[in-house]
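Input: a single structure, listed below in structure tokens.
The values are calculated or read from the model by the stated rules, or taken from the named source; none is laboratory data. What you are looking at is a predicted structure, and each value in this text was computed from that prediction instead of being measured. Methodologically, a virtual Cβ is constructed for each residue, glycine included, from the backbone with ideal geometry; neighbour enumeration extends over all protein chains shown. All accessible areas refer to the heavy atoms of the entire protein, side chains included, with ligands and DNA or RNA removed. Shrake-Rupley method; radii C 1.70, N 1.55, O 1.52, S 1.80 Å.
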Amino acid sequence: MSNQEWGRDTFARRRIGGRAAQVARLALCGALAASSGAVLAQDEGEARAESAPSRTQLDEMTVTASRNEESIKDVPVSVTTVPQQQVEALNSDGSDIRNLSGSTPSLVIESSNGRSLPRFYIRGFGNTDFSTFASQPVGLVYDDIQLSNAALKSFPAFDLASIEVLRGPQGSLFGRNTPAGVVKLESAKPVLGSQEGYFSFSTGTYNSNNYEMVYNAPIGNEMALRVSALSQNRDDWVDDTFKQTKDEYGAYADRAFRAQLLYDPVDSGFRALLNVHGRDLDGTARLFRAFTVLPGSNDLAPGFDIEKVAMDGRNEQELKSLGANARLSWDFENVTLYSITGYEGINHYFSRGDIDGGFTNGEEGATAFPVETSGEIDDLRQITQELRLASDDGGFLDWQAGVYYFDESVTGISRTYGSPSGPVSNFTRNTQETQSLAGFAALDLALTDRLAAKLGARYTWIDKTFRVDEAFNTEFTGPRSDSDDSSKVSWDTSLSYALTPEVTTYARVATGFRGQSYAAPDQNLPITIAEPEEMISYEAGFKSELLDNRLRLNASAYYYEVDGQQLTAAGTEDNILRLLNADTTVGQGVELDLWAHVSERLLVTFGASYNDTELDDPDLAVNGCASAGCTNLDPQVGDNLFLIDGNPLPRAAEFIANATARYDIPTGDGDGFYIFGDLSYTGEYNYGLTESVELKSNPLLLAGLRAAYTWDYGKYEVAGFCRNCTDEVEALGAVSINNMAALVNEPRIIGVQFKMQY
């Protein structure tokens, strides 16, 4: 496989039976060893083939959207894979998982907590809840484990075999909390019989360093160990002009590891993959910048400097996590039994920020009142267990069925500080416990040589309890605990028809749901509850491999309705939030993916989406922008209450586009240069539920460039790169409490990188 595309997931296998499955397993392990030319060492013959200028055909692209390895052309769902070359470029400056935002159609990722608690949106559908108990309608599945809490979703993406973005409800095979879609990450797996790995180091502006090291070691003929390590760090680079301190904020040290042990005896029919991973993050939380948004517009104020703030508060963040999973399989006659057991834990999480982003000493330019808060996870434990049977005969009917268990407990602490240097003015300590059981089944029917159908269904039961364990100096109404359970059958059905061997059309109808959600009480507010939401989605599209497989073109159109959409309303002086349900939400749009070998040396990709969303609830009103000079556009119905009927969903960018291009310049036997560029465009969107001139983003166009020289058939590579090459800076969010404190995107980073395979 070329440097442009991902390697296969060796755990998911094609549906072939008996002895053939064992032979295929060995073949896939061998394919993985040869597939990741930018990640794993290649033998000289394969490297020569990769660098040969006569190569013009696209490699086969396989995905595991149906829990089995299939050609992307045969999967009747809108799915995109992120090219490996693009991910390497995105990660070169030490960025976190937010760098995937805008890298595929319809995908937005953001966070008001910096390198932790990311929030995902697909087709405009997401959740702006910034609390430690938030649920999201986009699922993140990492190594077949669905990570529920947003703190777990921030685990670094490194040494990967694939990234897949599945758009639309995925409730049958991936369960609750996936009505918007799934982002699926799969680690590169241990390889039998091969001692190999790589080391990569990059450094850039602000001493932004990124280290990666991978070592794959065989243990006899039936076992292999793969150890992967990541270290990312940056120096402080933002001055505080109020405190008159230089280089006060912006630093981080983010370290992660993963160790995987594969046991795969050929003749036993048993296979085991064990995974242990952990993370240690210490650094700056997200910086809020007071008076950044210009009143009467959504532009940055004149004189804004990304390297300066003026605030009197504190800013810090720590996160420590540890997890493990075991993926086991047993081959029987024409059927395979899978067991996937996972544990994820947060040992400690603490994030404190000066939310007003300014100072309150009465001088000119001071904020109206201080807003300094912190969030903490005192303990988080997630346990999951899945048992799944899948047929292996590859005939007219293929099927899979299973059961799934989920157990999570999260204890979080929220604090408010009366002054930057003073003690805690109030806090609450809360615990949320969730248990869920599900049973699911899916059928694949080959109706004719050209016509195929997929049917899937899942019954899910969920029980959730929220309670206040402790409160200090906090008055709130209502009970101190609440508990409820809900159940739902979600399903999907699709038809695909091969017009020609190169072009397949499909249509899909799918449902999804998200269980009830809780928000912690605060001053004069009770525990707030959002009832379960339900979704139905209609989608049609085509997938094609044209021009002798030099062009891959996929497109889809969709329409969905959400009943009881869960929404988050934030505001008031303490930056508190409450949950609510809207009657109906409607979304519609189109998406396009293109890959093309334009010439023997030039490979390009392009993706684009149009997402249109609208809230339909004539009586729903929320707090508007409260800052002085803020321009609310919605009808006002009370004291700072505004109707939001007809508004788009928060963070629902109408237009998203991305493009990449790689041009190779061979210079000799196994040596050469290449140039890789990438662009991402995210159109304007509202920060929250209300319409306001100031609380709307400007379009953001980010450009990246990489020029590299490789030698010894790709064994060594040295490159220069830039991220956000044009130094584009825009507000990505703003807090409308009292001073329009804004959050901005990452600055330009220029650097160099060295990589060695062994």
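Structure above, values below:
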| item | result |
| --- | --- |
| Rg/Rh (Cα only; Kirkwood hydrodynamic radius) as it applies to segment 596-663 | 1.33 |
| Leading residue at positive end of dipole, segment 381-464 (Cβ point charges), from A457, L443, T428 | T428 |
| Helix 18-35 vs. the chain, principal-axis angle (Cα, 0 to 90°, nearest 10) | 70 |
| Average accessible surface area per residue within the chain, 1.4 Å rolling probe, Å² | 35 |
| Selection of GluC sites (Glu not before Pro), segment 400-487, meeting DSSP coil and at most 15 other Cβ within 10 Å | E475 |
| Ordering of 438-446, 80-88 by packing [mean C-beta count within 10 Å, highest first] | 80-88, 438-446 |
| Alpha carbon convex hull of segment 456-517, projected area averaged over orientations, nm² | 7.5 |
| Mean Cα-pair separation over length for segment 126-266, i.e. relative contact order, pairs under 8 Å, 6 or more apart, % | 17 |
| Environment charge at N221 (Cβ cut-off 13 Å; Lys +1, Arg +1, Asp -1, Glu -1) | -3 |
| Local electrostatic count, L90, Cβ distance below 9 Å [Lys/Arg +1, Asp/Glu -1] | -2 |
| Semi-axes of the equivalent ellipsoid for segment 118-181, Cα gyration tensor, largest first, Å | 17, 15, 11 |
| Sulfur and carbon atoms: percent of accessible area, the chain [1.4 Å] | 56 |
| Relative contact order %, the chain, counting alpha carbon pairs below 8 Å whose residues are six or more apart | 13 |
| Kirkwood Rh in Å, taken over segment 386-523 so that all alpha-carbon pairs contribute | 19.2 |
| Within the chain, helix-based [θ] at 222 nm, where runs of 4 or more DSSP H residues each add -39,500 (n - 2.57), nearest 500 | -1500 deg cm²/dmol |
| Where only alpha carbons of segment 685-758 are counted, the Rg and the Dmax (Å) | 19.1, 59 |
| Diffusion coefficient, µm² s⁻¹, Stokes-Einstein with Kirkwood Rh over alpha-carbon pairs of the chain at 37 °C and 0.692 mPa s | 123 |
| Distance from segment 492-561 to segment 612-680 (C-alpha centre basis), Å | 19 |
| Solvent-free Debye scattering, log10 I(q)/I(0), computed from the Cα coordinates of segment 612-758 at q = 0.09, 0.12, 0.13 Å⁻¹ | -0.47, -0.66, -0.71 |
